[in-house]
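**Q** First the structure, then my questions, so here it is.
The values are calculated or read from the model by the stated rules, or taken from the named source; none is laboratory data. Keep in mind it's a predicted model, so treat the numbers as computed, not measured. Cβ atoms come from the backbone with ideal geometry, glycine included; neighbour counts cover every protein chain shown. For the accessible areas, the whole protein counts, side chains as well, though only heavy atoms, and no ligand, DNA or RNA atoms are used. Shrake-Rupley method; radii C 1.70, N 1.55, O 1.52, S 1.80 Å.
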Amino acid sequence: MTSVATPEVPTVQSVPAEAGEISLADIAKTHNVRFLLATFVDMTGKPCAKLVPVEAADELEAGAMGFAGYAAGLIGQKPQDSDLIAVPDLTSFTPVPFIKEGLAIIHCDPHVDGAPWPFAPRVILKNTLARLAEKGMQAKVGAEVEYFLVTKNPTAPSALPTPMTTRPALAMTPAASPACTST
């Protein structure tokens, strides 16, 4: 999924829009977005999010939306640490009307006490890309997406779904699977 943010959106750390600059609220209103899902992920890839009404987009952009980092998940914080502040990356703004009309996702970089949190995956990635760029290198990645078509089988002896195929090698029910039988 690609972002729909306009090229004029700054790619540096987000700060409240000044005269002549585009703001998160402006982008959201242009796309008829009513709510923003401000997200970041913990070190295991688990998403953490706050649902932010567009009327509060300026607060989000100003760094006024905090998360209790220790409670948010594995992000390298202790209970006594300062809150994680979600700093939005305006270039990541993506409407998701197929999930809910008027909703958009915006990825955020967690900051603590005014600095990027070093254990946040996006911060780690950005630092790694910067180190590679200093050496004249760049990262190349690819994804191998796999999926299985399954159907619910209410008569199966376990909660596992049944593959949707007629090919005998793939049409084993969970009870008939060699991994599920004893000898």
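**Q** When only residues in the stretch 98-151 that are closer than 15 Å to Thr39 by Cα and assigned to a loop (DSSP other than H, G, I, E, B) count, which is most open to solvent (accessible area, probe 1.4 Å)?
**A** Trp117
**Q** Starting from the stretch 81-99, take each residue that is under 12 Å from Leu24 (Cα atoms) and list its partners that are open to solvent by 10 Å² or more (accessible area, probe 1.4 Å) and modelled with pLDDT of 90 or more, counting only C-beta distances under 7 angstrom and pairs at least six apart or across chains.
**A** Going by the 7 Å Cβ cut-off, the qualifying pairs are Asp89/His107; Ser92/His107; Thr94/Ile105.
**Q** Of the residues in the stretch 27-64, how many are among the small types (Gly, Ala, Ser) and open to solvent by 10 Å² or more (accessible area, probe 1.4 Å)?
**A** 6
**Q** Further, regarding this structure: Tyr70 versus (1) hydroxyl-bearing (Ser, Thr, Tyr); (2) open to solvent by less than 90 Å² (accessible area, probe 1.4 Å); (3) at pLDDT below 75: which is the lone unmet condition?
**A** Going through (1) hydroxyl-bearing (Ser, Thr, Tyr); (2) open to solvent by less than 90 Å² (accessible area, probe 1.4 Å); (3) at pLDDT below 75 one by one, Tyr70 breaks only (2).
**Q** Applying the selection to the stretch 21-72, what residues are outside any loop (DSSP other than H, G, I, E, B) and among the acidic types (Asp, Glu)?
**A** Asp26, Glu55, Asp58, Glu59, Glu61
For every residue, the table says whether it meets (1) within 15 Å of the chain's Cα centre (by Cα); (2) aliphatic (A, V, I, L, M).
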site	(1), (2)
Ile85	no, yes
Pro88	yes, no
Phe93	yes, no
Val96	yes, yes
Glu101	no, no
Ile105	yes, yes
Asp109	yes, no
Asp113	no, no
Pro116	no, no
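**Q** Does the stretch 46-67 hold any residues that are touching a residue at least 40 places away in the same chain (Cβ under 8 Å) and not aliphatic (A, V, I, L, M), and which are they?
**A** Passing the criteria: Asp58, Glu61, Gly63, Phe67.
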